[in-house]
1. Compute the distance in nm between two label points, each set 7 Å from the Cα along the Cα-to-Cβ direction, one at Ser106 and one at Ser233.
2. Quick one: if you stick a label point 7 Å off each Cα along the C-beta vector at Thr276 and Cys321, how many nm between them?
3. How much of Asp81 can a 1.4 Å solvent probe reach, expressed as accessible area in Å² and rounded to 10?
4. Taking the Cβ-Cβ separation of Arg97 and Tyr167 as r and a Förster radius of 51 Å, what is the calculated FRET efficiency to the nearest 0.05?
5. Go through 239-245, 17-23 and give me the packing order, highest mean Cβ count within 10 Å leading.
6. Going down the list Lys151/Lys277; Lys7/Lys221; Lys151/Lys257; Lys257/Lys298; Lys236/Lys298; Lys221/Lys298, which pairs span over 25 Å between their C-alpha atoms?
7. Which peptide among 167-175, 126-134, 83-91 comes first, and what is the full order, when sorted by highest mean count of other Cβ atoms within 10 Å?
8. Could you tell me what percent of the accessible area of the stretch 90-320 is made up of carbon and sulfur, with a 1.4 Å probe and every protein chain present?
Amino acid sequence: MPKKPAKNGFFFYMLEWQQRAEASGKKKLSLAQVQEQAGPSWTAMNAVQRAPYLEKAKQSKLSGGDGVKLTSQGIPVSQIDAERREKEEHEAAIINRLKAMLETASQNDTLESLDFFIISFAYFCVNSDGDYLPAEMAVVRFNLKDGVHAKLHMLINPGSLPLGMAYDAQQHANDDHQLPTPPDALGESDFDIINDKLLQFLGYNNGRIPLLFTERDDVAKVENMLRGIFGISVTKDQLGVGSLADMFFHLKRATEKQGLDTQTFGSVHRAQLLITKDIYDYTVGIACDYHETNCNVKNCALSRCVRWGYVIADNCCMDLCIELQPGKHVPANADTTSQYATPAYNSNISSSGAYDTDDKSYVSFATVSRVTSPFYGGSSSNGGYRANSTVPCNDSTDSKVDVKRPVKLEYESPLSVGEPMAKHQHRDLDLQSNYAWSAVSGTSSTSRGRGRGLLLGDLSVLGAAGRGKLK
């Protein structure tokens, strides 16, 4: 079989041009379309600018045209493999470092006060080099004892947008954070100031910063924007951004081992499911001033970080018998004063059963804040009653919901009064609802919660609950 003909310098330029165009959000182009659109810029290039592409063509010719296997974007397959291995090794190093932190804290009985840093960014667009232009940054310090106990939030003005990117930036802003785009962007434009404030908040010391955790699909984006902020002050090896689901999963394993000696999270996918459900997504009073004022709390970077902390606290604190504190572990107006034992879980209750409801949190059973919840007042899916969760975004969040205390029905929890009852009997009675909620006054903020005491029965097959199944 004859060898494929060698490629010229323009071919390699076209591949790079196509990669940049698609990274900026353009639809996938055929090679003929790329040739037509990339031709003028190639013609305008001088010899120095063409040299790297001509060198690639020379190497291709020396190898017979196909000595180096390339992807459809003209990238050597060996380079892709090396980058993949480097990424896997980096992720493994973060997991090992996280496990070591948790193991040390468990041995020293300091697990409840072990700090984690949760980070989130919003961005305007992606430039031709694949770099994200940040619009907003938020970091919170979180532990199980104190919940969310420190916050850093900054709006960022990245300067002028790349040529031709104004439309993409505006579209993304409209769909997401709704911040004004450059040249009208808000916030700090001096990246040195942003760098100093961030390093100070993280307690940067001796060339190492703590691990940072964010949503799984945003890890690469966050790393990219952090490298742009840190510049040379923090090297690639010093920067560790991990998946929030991994942190949640291993922390849950550690708390259960110390508190209950059981495992209810079979894999990291259970943690990711609860993060994705995001039951506190429309909670007001936890976002930045701009997003609170403009009724876009869900897409605020600060709100995301706080909500993630709430979800983790809601699932892990009771393993260590830590009482949920409103404003730190759950929304500020959540009522956690009535904490009772949740019913036993066993294999007779599927993951889509009675506790996988769409209007309760996983552990504390706090009423969901989502204003789009299908249940507004009236009876909820477990037979009780709750208040309308709709609230004007500019209402005050300082006061607690005026909740009348729950009225006990026929039976008490076996952990509080009376004699223990059979596991199936306890479950069946609870399914008939042992609490009835009376109506509450209407316009305060988000959720009312009921914390969990000790779990009963077999927890090995615990089904995830939340707002419903992922679509």
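The values are calculated or read from the model by the stated rules, or taken from the named source; none is laboratory data. For clarity, every value in this text was computed on a predicted model and none was experimentally measured. Because the Cβ atoms are built from the backbone with ideal geometry, glycine has one as well, and the counts that use them run over all protein chains shown. Surface accessibility is based on the protein's heavy atoms, side chains included, excluding ligands, DNA and RNA. Shrake-Rupley method; radii C 1.70, N 1.55, O 1.52, S 1.80 Å.
1. Each label point lies 7 Å from its Cα, and together they span 3.6 nm.
2. 3.6 nm
3. Probe radius 1.4 Å; accessible area of Asp81 about 50 Å².
4. Working from the Cβ atoms, E equals 0.80.
5. 239-245, 17-23
6. Lys7/Lys221; Lys151/Lys257; Lys257/Lys298; Lys236/Lys298
7. Ranked from most to least packed, the peptides come out as 126-134, 167-175, 83-91.
8. 46 percent
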